[in-house]
Amino acid sequence: MYRFLLSRQWVILTLVALALIPTMIKLGYWQLHRHEHKVALNTVIADSLAATPVPAESLTSPGQEIKHDDLFRRVTAKGHFDTAHEEVLRRRTNSDGEVGYHVLTPFVLDDGRVLVVNRGWIAADASQSAFPKIPAPATGEITVTGRLMADETTADSGIKDVQGLPDRMVMLINSEQESKRLGEQVLGGYIEQTAPEPKGDSPELIPDPEHSDIGPHMAYAIQWWLFSAGVPVGWVILVRRERRDRAEAAASAETTPEAATAGV
């Protein structure tokens, strides 16, 4: 009755179904892990932004990797900007989706160490081959406040660290590379400046990261698991339909000769 399951077509179909079930279950768990990661990151961002600012030197030091729980933590630093060694970060967008630069300015602390400060976004010219004109920051000794960020890497950001760029242009923010370029001790990571507020044509400050949306990952996980449950159900339906069609065909074949004889 079910010998048709041994046919080439049904063997292949069954093997495909058996392979799909664990694959879809695994994809569901992958989406679940992404959901959990997003929820955990949102919690870190919210807690960090709500915390009282602390000195940057208390959370990072030269060559130190920024801890996950310290990401986006508001920190302060006292010193002065070194505009002579300013750089720009290429291919960065603002809140309107316009492509431009992020301005990276070394900030020299009172003890001589350096903190990389991302002062914000400026528009790029058409060529993007010459170092742009950048509005100057506040001069003299000041206190800056910003969000503490981890060094960018190709693996984490997906951005290629292109070589042979125009002078004073980079693709990634990396304190180790900045230390080699400046020949100074540079604190690990960098900060996105939030204060003092820019004046006039100063760079556009980078807004706080979105941390209320958890994304569709949980819905995708449930969707994959429903698909995995639907595979065996679909397989059974197809088997029963095939069995019914074969039974009807066999019955039709048996009655046809009798009908022909009765007609004679």
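For residues that are loosely packed, with under 15 Cβ neighbours inside 10 Å and either within 10 Å of Trp224 (Cα to Cα) or aromatic (Phe, Trp, Tyr) (or both), tally how many sit in the stretch 1-35.
Total satisfying the criteria: 6.
Given (1) hydroxyl-bearing (Ser, Thr, Tyr); (2) within 34 Å of the chain's Cα centre (by Cα); (3) surrounded by fewer than 17 Cβ atoms within 10 Å (Cβ to Cβ), identify the lone condition not met by Thr194.
Every condition holds for Thr194 apart from (3).
Could you list, in sequence order, the residues of the stretch 48-60 that are exposed (fewer than 14 other Cβ atoms within 10 Å of the Cβ) and not hydrophobic (A, V, I, L, M, F, W, C)? I'd like the intermediate steps shown before the answer.
Going through the stretch 48-60, the residues exposed (fewer than 14 other Cβ atoms within 10 Å of the Cβ) turn out to be 50-52, 55, 58.
Of everything in the stretch 48-60, those that are exposed (fewer than 14 other Cβ atoms within 10 Å of the Cβ) and not hydrophobic (A, V, I, L, M, F, W, C) turn out to be Thr52, Pro55, Ser58.
Is one or more of the residues making up the stretch 88-110 farther than 19 Å from Arg181 by Cβ, more than 30 Å from the chain's Cα centre (by Cα) and polar (S, T, N, Q)?
no
Quick one: in the stretch 36-89, which of the residues that are in a helix (DSSP H, G or I) and of a type in the set (Gly, Ala, Ser) is farthest from Trp224 (Cα to Cα)?
So the first thing to find is which residues in the stretch 36-89 are in a helix (DSSP H, G or I), and the list is 36-50, 56-58, 68-70, 83-85.
Filter again for of a type in the set (Gly, Ala, Ser), leaving 40, 46, 48, 50, 56, 58, 84.
Working: Ala40: 22, Ala46: 30, Ser48: 34, Ala50: 36, Ala56: 44, Ser58: 45, Ala84: 54 Å.
Out of the qualifying residues, it is Ala84.
Here is a check on your reading of the model: is His80 open to solvent by 60 Å² or more (accessible area, probe 1.4 Å) and within 18 Å of the chain's Cα centre (by Cα)?
Working: open to solvent by 60 Å² or more (accessible area, probe 1.4 Å): yes; within 18 Å of the chain's Cα centre (by Cα): no.
When the stated conditions are applied, His80 does not pass them.
Inspect the stretch 146-165 for any residue being under 23 Å from Gly200 (Cβ atoms) and either open to solvent by 30 Å² or more (accessible area, probe 1.4 Å) or polar (S, T, N, Q) (or both) and give the result as yes or no.
No, the stretch 146-165 has no match at all.
Which of the residues that make up the stretch 173-196 are under 21 Å from His68 (Cβ atoms) and of a type outside the set (A, V, I, L, M, F, W, C)?
Asn174, Ser175, Glu176, Gly188, Gly189, Tyr190, Glu192, Thr194
Working only within the stretch 111-131, note down all residues that are modelled with pLDDT of 90 or more and surrounded by 15 or more Cβ atoms within 10 Å (Cβ to Cβ).
Applying the first criterion (modelled with pLDDT of 90 or more) to the stretch 111-131 yields 111-123.
The answer is Arg113, Val114, Leu115, Val116, Val117, Asn118, Arg119, Gly120, Trp121, Ile122.
For the stretch 1-50, give me the residue count where each residue is in contact with a Pro (Cβ under 8 Å, 6 or more places away or on another chain) and at pLDDT 90 or above.
As a first pass, look at the stretch 1-50 and keep what is in contact with a Pro (Cβ under 8 Å, 6 or more places away or on another chain): 17, 21, 45.
Those still in the list that are at pLDDT 90 or above too: 17, 21.
Matching residues across the stretch 1-50 total 2.
Considering only residues that are open to solvent by 70 Å² or more (accessible area, probe 1.4 Å) and within 30 Å of Pro132 (Cβ to Cβ), look in the stretch 202-240 and name the one that is modelled with the highest pLDDT.
Glu204
Between a first residue in the stretch 55-84 that is within 18 Å of Pro137 (Cα to Cα) and a second residue that is open to solvent by 70 Å² or more (accessible area, probe 1.4 Å) and among the hydroxyl-bearing types (Ser, Thr, Tyr), which pairs have beta carbons less than 8 Å apart while being 6 or more apart in sequence or on different chains?
The qualifying pairs are Thr76/Thr143; Ala77/Thr143; Lys78/Thr143; His80/Thr139; Phe81/Thr139.
The values are calculated or read from the model by the stated rules, or taken from the named source; none is laboratory data. These numbers were taken from a predicted model, which means no experiment stands behind them. Note: ideal-geometry Cβ built from the backbone for every residue, glycine included; neighbour counts use all protein chains shown. Accessible surface is based on the protein model in full, side chains and every heavy atom, while ligands, DNA and RNA are left aside. Shrake-Rupley method; radii C 1.70, N 1.55, O 1.52, S 1.80 Å.
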